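The values are calculated or read from the model by the stated rules, or taken from the named source; none is laboratory data. If you're wondering where the values come from, they're calculated on a predicted model, not measured in any experiment. A quick note on method: Cβ atoms are made from the backbone with ideal geometry, for glycine too, and the neighbour counts reach across all protein chains shown. Surface areas here come from the heavy atoms of the whole protein model, side chains and all, with no ligands, DNA or RNA. Shrake-Rupley method; radii C 1.70, N 1.55, O 1.52, S 1.80 Å.
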Amino acid sequence: MVDLYGLIGRGITHSFSSEYFNDKFRREGIAADYRNFDIDDISRLIHIVKSYPRLSGLNVTSPYKREVIPFLDSLSPEAESLNAVNVIRIHRTGDSFKLYGFNTDSPGFGMTLPALLSKDVTNLQSKKTRPFQALILGTGGAASAVGLALTKISIPYKTVSRGKNGDLRYCDLPSLISDYRLIINATPVGMYPHTEEAPDIPYDLLRPDHICYDLIYNPSQTLFLKKAAAMGAATANGLQMLLNQAELAWQIWKE
Ligand code: NAP
């Protein structure tokens, strides 16, 4: 009997996770399967856990990251603080089970920072006159996860919103973008198939000491990253964060 893992969400047309995990299981000789559970109501979760006794862990995607919380027995500190769950560990004893919720967005992002900022470490420590600070574009779940990771390594940040949800609005950026060396796109703007779109920031004010990070991984180089690179800024996309999250989920399930 092989273990089963899966993804719950709605309208899952393709899934990075099922490809990633089935490939990993094959490559590493792990006796397990991974499948998608496309559900139209989160209350189906309990039925699924009962119907698949070999199911040991789940990823959770849109629109259930928040809605799933009332069905869980406990939350990790990150999930609690972000009020969102994207990984569930299923712990079974006989016919009963407990569901534990985790959030890997923040550590998945945080793990990418040392390599990205390594050349800035000296600056980070000695920037008395011009502190290293970040701008996060967007105010959704991904933006909160990024903010949590930045707080953990003491990088101050401001969020940018189209409305009143953030610290700043896009029209504020021309006068202050040079004070923020790390700019993170945590909006879906530029994601496939809308690859001709880019967040509304003053790209002409970017310089080679800016680092522009897009959480989007499809396409691998968004228009945001292309415009930043054209000004000489360093760039990074969301692929490593995604891969980190998959391995973090695996560690959580195997604990
Ligand atoms: P979301 O909730 O749909 O949107 C995030 C924020 O983006 C919104 O709160 C909104 O902020 C802003 N926004 C939305 N549509 C916009 C538009 N047309 N123009 C300008 N701003 C817009 O998304 P999310 O779940 O936080 O995820 C954000 C992005 O991160 C997505 O592209 C997602 O794929 C990516 N992501 C990647 C990873 C990874 O592992 N690489 C993990 C998580 C998320 P305001 O209303 O305040 O402007």
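Restricting the calculation to alpha carbons of region 1-67 gives Rg and Dmax of 12.0, 35 angstrom. The portion of the accessible surface of region 84-222 made up by carbon and sulfur, rounded to a whole percent, is 53 (1.4 Å probe; DNA, RNA and ligands excluded). With protein chains left intact and a 1.4 Å probe, residues in the chain average 50 Å² of accessible area per residue. Here the scattering of region 36-158 is modelled by Debye summation over its C-alpha atoms, one equal scatterer each and no solvent; at q = 0.10, 0.12 Å⁻¹ the log10 of I(q)/I(0) is -0.42, -0.55. Within the full protein context, the accessible area of Phe97 is estimated at about 50 Å² for a probe radius of 1.4 Å. Of Lys65/Lys158; Lys152/Lys226; Lys98/Lys158; Lys152/Lys227; Lys50/Lys152, which pairs sit farther than 31 Å apart, going by alpha carbon to alpha carbon? Where the Cα-Cα span goes over 31 Å, the pairs concerned are Lys98/Lys158; Lys50/Lys152. At an R0 of 30 angstrom, the distance between the Cβ atoms of Ile48 and Ala115 translates into a FRET efficiency of 0.20. Longest exposed-loop-site-free stretch of the chain, with trypsin sites (Lys or Arg not before Pro), DSSP loop and at most 12 other Cβ within 10 Å? Between exposed loop sites, the widest span is 1-127.
With N the number of residues in the chain, Rg(Cα) / (2.2 N^0.38 Å) evaluates to 1.09.
Between Ala31, Ala228, Ala142, where does the largest GNM mean-square fluctuation fall for the chain, given springs only between Cα atoms within less than 10 Å? Among Ala31, Ala228, Ala142, the largest mean-square fluctuation in the Gaussian network model of the chain belongs to Ala31.
Inverting the pair-averaged 1/r between distinct Cα atoms of region 79-223 gives 16.7 Å as its Kirkwood hydrodynamic radius.
Ordered from largest to smallest accessible area (heavy atoms of protein chains, 1.4 Å probe), the residues Ser178, Ser15 come out as Ser178, Ser15. The charge dipole of the chain, taken about the Cα centre with unit charges on the Cβ atoms of Lys, Arg (+1) and Asp, Glu (-1), comes to about 400 debye, rounded to the nearest 20. The residue among Ser51, His14, Ala31 whose Cα reaches farthest toward the positive pole of the charge dipole of region 1-99, with charges on the beta-carbon of Lys, Arg, Asp and Glu, is Ala31.
Across region 84-100, coupling constants 3J(HN,Hα) worked out from phi with the 6.51/-1.76/1.60 Karplus curve, θ = phi - 60°, read 7, 10, 10, 9, 10, 9, 9, 10, 10, 10, x, 8, 9, 8, 10, 10, 10 Hz, and Gly and Pro carry x. Full extension of the chain between Ser74 and Ser175 yields a length gain of 31.9 nm, computed as 0.36 nm times the residue separation minus the alpha carbon distance. Where the alpha-carbon atoms of region 162-234 are placed on the principal axes, they occupy 31, 30, 16 Å, in descending order. Projecting the Cα positions of Val2, Thr93, Met111 onto the charge dipole of the chain (unit charges on Cβ atoms of Lys, Arg, Asp and Glu, taken about the Cα centre) puts Met111 furthest along the positive direction.
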